[in-house]
Amino acid sequence: MTDVDPAVDPALRDAVRDLLDVVEERGDGVLPIVQAGDPVLRRPANPYTGQLGDDLGRLLETMRRTMRAAPGVGLAAPQVGIPLAIAVVEDAGAPVDAPRARTPLPYRVLVNPRYEGVPGPDGEPVRVAFFEGCLSVSGWQAVVARHRSVRLTGQDETGAALDEVLTGWPARIVQHETDHLAGELYLDHAQPRSLSSNENLARWWPDPDPRAAAETLGFALG
C-alpha cells in the first residue's frame, strides 16, 4: 500500500500529465497558449494547494520554455489551459529604458500571488501608464495605468513565503500575471481608444512614452 498525498487532485494531475506528454511527443516542449475568448481566462484560478504533487516541477519547466519561446516576460497557468493560481515571470530588462524602469526580473515562480499598491510620498498610490501586450491577446497592445510599485505576497514553488516590494516594469509584470489568476485580462484595465495592432504600434516606437499616442488617438493617461 502506498501513501497518497491528500492534496493531490488525481483527475487534474492526470490531465496535466496528458497535456505535457503530448508536448513532449511533439518534440518542441512548448505548450499552446490559450487566446482571449476561452472561458479558462475568465474564471478565477483555483488556489494551488498541492494538486499536482511531484508533477508541479515538470509543468513549471514546460511553462518556462513556453514563455521564453513565445517570447514573453510572464505566463500564467490559465494561459495554457490549467486553472491553477501559478505563474512564471522573467525579464532580462533594458538598462537604457528609463521611462519604464525596465530593470531585470530574474526567473521566478509565483504561487497564489497577491499584490497591493505601495503609496507614494503623499500617501497616495502612484500609477504610470504604458503600452502593454499579452500572449493571450496576440497581435495587439493598449495603454494600461498600473501601480508604479507593489507589495507582492504569496509563495514560491517550494512553498516558501514571498513578501517583497517591486517597482517599475517588474511591478507591471507581476500585476499583469496576477490579474490573469483573477480571471482578468489587461484589456479590462486599458484605455480602449489606445488599442493598437503591433504593426501600428511602430508609429510610437521606440519611444515608450505614450503621450504622443494619447494626443493623437484621443485618450487620457492615468
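Readers should treat all values here as calculations from the given coordinates under stated rules, not as data from a laboratory. Being a predicted model, the structure only gives us computed values, none of them experimental. Every residue, glycine as well, gets a Cβ built from its backbone with ideal geometry; the counts of neighbours run over all protein chains shown.
Points to keep in mind about this one:
- The stretch between Val165 and Ala69, if pulled fully straight at 0.36 nm per residue, gains 31.8 nm over its current Cα-Cα span.
- Rounded, prolate or oblate (a/c below 1.5 giving rounded, otherwise prolate when a/b exceeds b/c) for segment 38-90 by Cα gyration tensor: oblate
- Full extension of the chain between Arg26 and Asp122 yields a length gain of 29.1 nm, computed as 0.36 nm times the residue separation minus the alpha carbon distance.
- With a Förster radius of 45 Å applied to the C-beta separation of Glu215 and Arg42, the computed FRET efficiency comes to 0.85.
- Cβ crowding within 10 Å averaged over residues, with 212-219, 85-92 ranked highest first: 85-92, 212-219
- Estimated inter-spin distance, Thr158 and Gln35, nm [label 7 Å along Cα→Cβ]: 4.0 nm
- Segment 10-217: translational diffusion in µm²/s, Stokes-Einstein, Kirkwood Rh over Cα pairs, 4 °C, 1.567 mPa s: 73 µm²/s
- When you restrict to C-alpha pairs under 8 Å that are six or more residues apart and normalise by the size of the chain, the relative contact order lands at 19 percent.
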